[in-house]
1. By the gyration tensor of its Cα atoms, with a ≥ b ≥ c the square roots of the eigenvalues, what is the shape of region 139-241: rounded for a/c under 1.5, prolate for a/b over b/c, or oblate?
2. Set the Förster radius R0 to 30 Å, insert the Cβ-Cβ distance between Leu110 and Gln173 as r into 1/(1 + (r/R0)^6), and round the FRET efficiency to 0.05.
3. Treating the beta-carbon of each Lys and Arg as +1 and of each Asp and Glu as -1, no other charges, what is the dipole magnitude of the chain about its Cα centre, to the nearest 20 debye?
4. Run lengths n ≥ 4 of DSSP H only: what is the helix-derived mean residue ellipticity at 222 nm for the chain, with -39500 (n - 2.57) per run over all residues, to the nearest 500?
5. On the protein heavy atoms, probe 1.4 angstrom, tell me the percent of accessible surface of region 27-106 carried by carbon and sulfur.
6. Taking all protein chains together and a probe of 1.4 Å, list Thr55, Thr207, Thr220 from the most accessible to the least accessible.
7. When the accessible area of region 140-259 is split by element with a 1.4 Å probe, what percent falls to carbon and sulfur?
8. Got a sec to turn the phi values of region 155-163 into Karplus ³J(HN,Hα) couplings, 6.51 cos²θ - 1.76 cosθ + 1.60 with θ = phi - 60°, whole Hz, x for Gly and Pro?
Amino acid sequence: MSEEPSREPRGGSGSETAAGEPAAGDLAGRFFDAAIGLLRRVRDEDAGPIAEAGTLIAETVVAGGRLFAFGAGHSSLAAQDLVYRAGGLALMNLLTVPGVVGVDVMPATLGSALERVDGLAGAVLDSSPLRSGDLLVIISLSGRNALPVEMAMKARALGVKVIGVTSVAYASQTKPRNSSGTYLKDHCDIVLDSKIAVGDAELSLDTIPAPFAPASTVVTSALLQAVMATAAGVLADRGVEPPLLRSGNVDGGHEWNSQVMREYRDRIFYRQA
């Protein structure tokens, strides 16, 4: 996600004023309608890739591989939602790059700049625990910057399976912003298309100079949770108990999680040694 502000207008349905302007009071409803529409599109159009991605994750777990997720800027929100998550697979680890995980770096614009630095991905992977047989989920809305593109290329060269989560629309409506002249989607074993329009803003009004109301976080998080649900189901179908975490706010949750972490301690990197 890590998008710089865009001024590309977006349309939207909803009630209108006498002058034809959508009623401001209906903006919340219009956003929900837009997000729901995108979720329906992803559900219907990405059903095949979602099933493939869930199966690949399950197969990685069975084969003893480790799971990692990476996203820069706001894309990191969806990656973090997979890690140490109640109801999620305990084996999913966050691959971190200092300065680009979230928007806590100061100034925030530094994170966007780091995404465009050639060679950074190689340095990150060289110092990471990733190895052949592992799986890496890379999230990048535009999929055009050097960091996610090079990370996918170099991870696959290491023998790591790559699932890319991106908006394929960017490949036909923008230019690559990396030395390879390619996009994230070009270097993945499986591509999940979030269907987000270029600019990531679902609403517009004549009285507001910029489009607003991004939906990429909502859609990408839901898309990835659908993949993880599929992975859990595939594991169960193959007679393998999915290594799921429970909420620490329910009785017995901490004890359950401690047992899972002990059992899979060689594949979990966010716990204390």
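1. oblate
2. 0.70
3. That gives a dipole near 660 debye.
4. Using -39500 (n - 2.57) per qualifying helix, the result is -11500 deg cm²/dmol.
5. 59 percent
6. Largest accessible area first, the residues go Thr207, Thr55, Thr220.
7. Summing carbon and sulfur atoms, their accessible area is 52 percent of the total for region 140-259.
8. Karplus-based 3J(HN,Hα) across region 155-163 equals 5, 5, 5, 7, x, 9, 6, 10, 10 Hz.
The values are calculated or read from the model by the stated rules, or taken from the named source; none is laboratory data. Fair warning: this is a prediction, and the values are worked out from it, not measured in the lab. Note: ideal-geometry Cβ built from the backbone for every residue, glycine included; neighbour counts use all protein chains shown. What goes into the accessible areas is simple: the full protein's heavy atoms, side chains included, and nothing from ligands, DNA or RNA. Shrake-Rupley method; radii C 1.70, N 1.55, O 1.52, S 1.80 Å.
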